[in-house]
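Each value in this text was obtained by applying a stated rule to the coordinates, not by laboratory testing. Being a predicted model, the structure only gives us computed values, none of them experimental. For neighbour counting, all protein chains shown are included, and Cβ atoms are generated from backbone atoms with ideal geometry for every residue, glycine included.
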Amino acid sequence: MRPALRLLPLPLCIAFSLNAHAADDMPPNWGLCPVQDVVKPFAEAQAAPEGLDIDNTQRDTDIEGDALSGTEENPVFSGNVTLRRGNQFMGADRLTYDKEQEHYTAQGSIRYQGSGLRMTAASAEGDQAKDTHIIRDLDYQLLSHRGNGGAESVILTGDIGSLHGATYSTCPPESRHWELRAGRIDIDTDKGVAVARGATLRVGKVPVIYLPWFMFPTDERRRSGLLFPSVSNSSRNGFDWKQPIYLNLAPNYDATLSPRLMTERGVQLGAQFRYLVEGGAGTVEGTWMPDDDLRNRDRSLLKYSAFQNLSQNWQARANLNWISDTRYYEDFNNSLDGLSQSTSFSEIGIYGRGHGWEAAVTADHWQLADSLLTESVLPYNRMPRGYVRWERALGLRFVGGVDAEAVRFQHPDPAIDAGSRLDVKPWISLPLEGDSWFLRPTAAFRHTAYRLDESLVASKSRSRSQPIFSLDSGLFFDRDATVKGKDYLQTIEPRLYYLRVPYAYQDDMPLFDTQPLTFSWGQLFRDNRYSGADRQADANQLTLAVSTRMIRQADGHERFSASLGQIRYFDESRVRIPGEPITEKGRSAWVADANYAPTDRWTIGASYQWDPKFNRTDLASVRARYMLPDDGLFNIAYRYRRGLIEQTDISFLYPINASWSIVGRHYYSLYDNKALETLAGVQWDSCCVAVRLVGRRYVHNRAGDLSNAIMFEIELKGLGSAGQDTRRTLRRAILGYNRDDLYLVPPQTATGQPTPPDTVTDASP
């Protein structure tokens with residue numbers, strides 16, 4: 001199962017509650033910790049078998065030393081003494097052993113390693129029959145966790161140890177930024193938990209909280225209890241406290257309860273249930289606010305996402321979302337992506353895929369999520385939709401296939417007429433290629449038929465049939481090049497794409513799911529400029545394009561790439577949707593894209609569309625990133641689309657030193673003369689403590705209203721964190737805040753913007 005939420009053992013309520021723990025989706029950064037093992041491994045200690053329950057009482061005791069004295073019943077070993085049994089090891093200068101009672105006493109340079117613990121001490125004694133050991137004046141290290149500390153004494157019984165006069169921390173001794181001091185700490189390495197009694201939590205040398213009883217984890221296993229709360233204050237919700245409670249119900253399912261208090265609104269109850277079964281998994285979550293003081297109504301959200309493998313080739317999937325009202329995302333969302341969401345989308349279906357084919361039967365539904373709009377703007381529901389894509393080699397180098405789709409469209413607004421559509425597109429291609437060229441002629445025939453529910457027309461049937469022919473060709477030229485003493489592979493890749501589609505009258509056909517695609521590099525090589533099947537554009541056009549790349553031969557790194565393309569329209573395209581301008585005979589806008597890495601730290605990219613007919617810029621994007629040392633970075637971007645947007649976006653993570661850094665973002669709309677989001681913060685990251693303070697001013701609804709928020713988080717690494725999850729906010733606002741995110745960026749459009757998903761939801765409990 002995916003990791004549960006993070007642990008919080010810091011609030012006062014932890015004194016009477018069991019703490020939850022599980023692996024974090026973003027584990028603590030231990031990079032500043034110079035010493036990982038406070039107690040160094042013992043070279044003479046045997047490695048304990050992993051994943052096995054070892055009963056040491058059933059194992060023989062083996063004792064060795066440089067010298068042997070005493071009697072046969074009570075031998076005395078001295079000089080490099082070692083005692084071994086099962087997964088236990090003890091080293092000492094001198095050891096006395098009672099064979100009859102199986103009791104030992106050891107002195108001098110005690111070195112002990114057992115299940116989950118390694119320690120050094122002044123003296124030790126134990127009962128091998130009962131597997132009980134008393135060790136005094138010791139320093140210890142947990143083997144499965146970075147926890148370490150010292151104690152006046154410890155009593156070990158199997159996997160359970162009781163430390164008296166003890167300390168605990170995940171910090172190294174030379175950088176003790178936080179420490180737990182307790183009269184007694186009971187550690188159960190088998191269960192992975194420890195209980196401190198009469199404990200004081202110190203940050204530096206300052207006691208910050210007294211804990212009469214406190215349980216905390218000693219490894220990364222999931223366990224029930226309190227998760228870290230989300231604490232913030234904003235002008236929209238007031239003081240905002242959300243306290244998740246994690247329930248580890250079974251190895252394959254769990255639950256999280258999330259009560260939330262907002263002083264300006266009231267109390268919200270949230271819950272999440274996750275399950276894992278053979279071949280499938282799912283999550284159910286929801287929220288409920290019985291009476292929102294600001295809206296004077298109940299507020300709720302319900303989500304269900306799951307998949308289940310039905311066979312080797314078939315899978316069932318569901319993604320269901322429901323909100324109680326159109327202002328839910330506006331009021332309870334904190335991300336710009338979620339705030340711009342005007343719809344809530346749900347989908348369920350059965351999907352299949354095999355060699356050369358894929359098919360599905362699905363149903364989807366749209367719900368309005370913007371109070372400023374009406375249901376008439378919603379897309380049609382597809383209930384149901386079935387599609388098949390099939391492709392096979394036909395012999396003589398021919399490849400053929402068919403794309404087919406059957407859909408029943410029903411609009412959420414009952415006043416809008418509905419209908420059904422069948423779209424079938426068989427095709428055949430002859431792909432020819434060599435080491436430096438390719439040629440792919442393709443012929444297709446597209447037939448689209450409708451059955452409409454219209455009551456005021458004579459005929460409810462509509463149909464369209466069109467042949468489609470395309471010829472895609474390209475060349476590859478490459479040469480070795482040397483730049484500043486480094487070897488590169490330089491390529492030039494010209495490409496020609498011819499498309500011919502005769503005109504067919506389509507003005508009497510409905511528009512269920514079809515819109516013009518944004519003109520971009522990918523559209524230069526498509527056989528239709530529309531999404532959906534309601535329109536098939538007529539075409540007699542030729543695309544001319546060229547790309548070039550510089551690839552470093554030592555490691556395959558692409559230092560430079562550039563692409564330039566344009567469509568030449570030999571005839572006017574007569575097919576269009578209402579309000580769309582005519583695609584006239586002549587040339588399209590130039591589409592250009594370039595990326596350049598002058599150094600391994602610098603990355604610069606630009607996209608540009610220029611219309612020579614009107615001598616104007618249709619689209620422009622410039623983006624740059626500089627990777628600073630110590631995981632710092634600086635991002636800057638400019639985006640422009642004629643008549644729609646003009647934005648600048650600057651973000652950074654600047655390390656002042658190894659511990660201190662500042663973060664910020666300024667996202668500004670030049671088109672509206674308004675900041676969309678301004679963020680500034682400071683963070684301190686030490687070996688075992690991190691503190692983050694972030695201030696935000698951001699747009700919180702589609703009307704452009706602004707909200708302010710202050711977020712604070714303190715993280716005691718290996719113990720837990722308190723405050724709002726600032727890392728999630730910073731990862732969203734600053735691309736590369738977590739360096740791994742740079743390798744997970746989706747493909748960009750010609751605007752430099754990632755292609756948006758169908759839905760964006762960030763208002764989960």
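With each pseudo-label sitting 7 Å past Cα toward Cβ, what's the residue 413-residue 389 distance in nm, one decimal?
Rounded to a tenth, the inter-label distance reads 3.2 nm.
Expressed in nm to one decimal, what extension gain is obtained for the pair residue 197 and residue 443 from 0.36 nm per residue of sequence separation less their Cα-Cα distance? Intermediate values should be presented prior to the final figure.
Values: separation 246, 0.36 × 246 = 88.56 nm, distance 7.84 nm.
That pair, residue 197 and residue 443, stretches by 80.7 nm at full extension.
Just order 86-94, 515-523, 648-656, 65-73 by mean Cβ neighbour count inside 10 Å, highest at the front, would you?
By packing density, highest mean first, the sequence is 86-94, 648-656, 515-523, 65-73.
Express in nm, to one decimal, how much length is gained between residue 703 and residue 302 on full extension, taking 0.36 nm for each residue of separation and deducting their alpha carbon distance.
Once the chain is fully extended between residue 703 and residue 302, it gains 141.8 nm.
Taking the Cα centre of the chain as origin, work out the dipole magnitude from +1 charges on Lys and Arg Cβ and -1 charges on Asp and Glu Cβ, in debye rounded to 20.
So the magnitude is around 2640 debye.
Can you give the FRET efficiency for residue 604 and residue 731, using 1/(1 + (r/R0)^6), R0 = 22 Å, r = Cβ-Cβ distance, to the nearest 0.05?
Here the calculated transfer efficiency is 0.45.
In deg cm²/dmol and to the nearest 500, what is the mean residue ellipticity at 222 nm of the chain if only DSSP H runs of at least 4 residues count, each as -39500 (n - 2.57), divided by the residue total?
Counting only the DSSP helices, I get -500 deg cm²/dmol.
Which lysines have a Cα less than 27 Å from the Cα of residue 99, not counting those fewer than 8 places away in the same chain?
Hits, sequence-local ones excluded: 130.
Among 469, 722, 411, whose Cα lies farthest out toward the positive end of the dipole of the chain, if unit charges sit on the beta carbon of Lys, Arg (+1) and Asp, Glu (-1)?
Value computed over the given set: 469.
Stokes-Einstein D for the stretch 152-252 at 4 °C, 1.567 mPa s, Kirkwood Rh over Cα pairs, in µm²/s? Could the numbers behind the result be given before it?
On the way: Rh = 15.8 Å.
In µm²/s, the coefficient rounds to 82.
Using the Karplus curve 6.51 cos²θ - 1.76 cosθ + 1.60 with θ = phi - 60°, work out ³J(HN,Hα) for each residue of the stretch 588-604 in order, rounded to whole Hz, and write x for Gly and Pro.
Using θ = phi - 60°, the values come out as 7, 5, 6, 10, 10, 8, 8, 9, 9, 10, x, 9, 6, 9, 9, 9, 10 Hz.
Say R0 is 35 Å: what FRET efficiency, to the nearest 0.05, do residue 353 and residue 680 get from their beta-carbon distance?
0.15
Order these peptides, 607-614, 237-244, by their mean beta-carbon neighbour count within 10 angstrom, highest first.
237-244, 607-614
Express in whole angstrom the spacing between the alpha-carbon centres of the stretch 527-585 and the stretch 239-304.
46
Quick one: if you stick a label point 7 Å off each Cα along the C-beta vector at residue 122 and residue 740, how many nm between them?
That separation, rounded to one decimal, is 4.5 nm.
How do 103, 557 line up, fewest other C-beta atoms within 10 Å first?
557, 103
Would you order 593, 435, 188 from fewest to most other beta-carbon atoms within 10 Å of each residue's own beta-carbon?
The order, fewest Cβ neighbours first, is 435, 188, 593.
Determine, for 425, 585, the number of other Cβ atoms within 10 Å of each Cβ, and report the residues in order from fewest to most.
Least to most surrounded, the residues fall as 585, 425.
Based solely on C-alpha atoms, express the radius of gyration and the Dmax of the chain in angstrom.
Cα radius of gyration and Dmax of the chain are 33.5, 115 Å respectively.
How about residue 717: which lysines have a C-alpha closer than 27 Å to its C-alpha, ignoring those fewer than 8 places off in the same chain?
Here the lysines satisfying the reach criterion relative to residue 717 are 40, 191, 205, 242.
Obtain the nm distance between the two label points defined at residue 570 and residue 37 by a simple spin-label model: each point lies 7 Å from its Cα along the Cα-to-C-beta direction.
Taking the simple label geometry, residue 570 and residue 37 are separated by 7.5 nm.
Report the dimensions of the stretch 567-725 along its three principal axes from the alpha-carbon atoms, largest first, rounded to Å.
69, 42, 27
Given the peptides 163-171, 377-385, arrange them by the average over their residues of other C-beta atoms within 10 Å, most packed first.
163-171, 377-385
Taking the Cβ-Cβ separation of residue 316 and residue 98 as r and a Förster radius of 41 Å, what is the calculated FRET efficiency to the nearest 0.05?
That pair, residue 316 with residue 98, gives E of 0.05.
Give the share of C-alpha pairs in each 5 angstrom bin for the stretch 245-320, from 0 to the last occupied bin, in whole percents, shortest bins first.
Here the calculated profile for the stretch 245-320 is 4, 14, 19, 16, 15, 11, 9, 6, 4, 2, 0.
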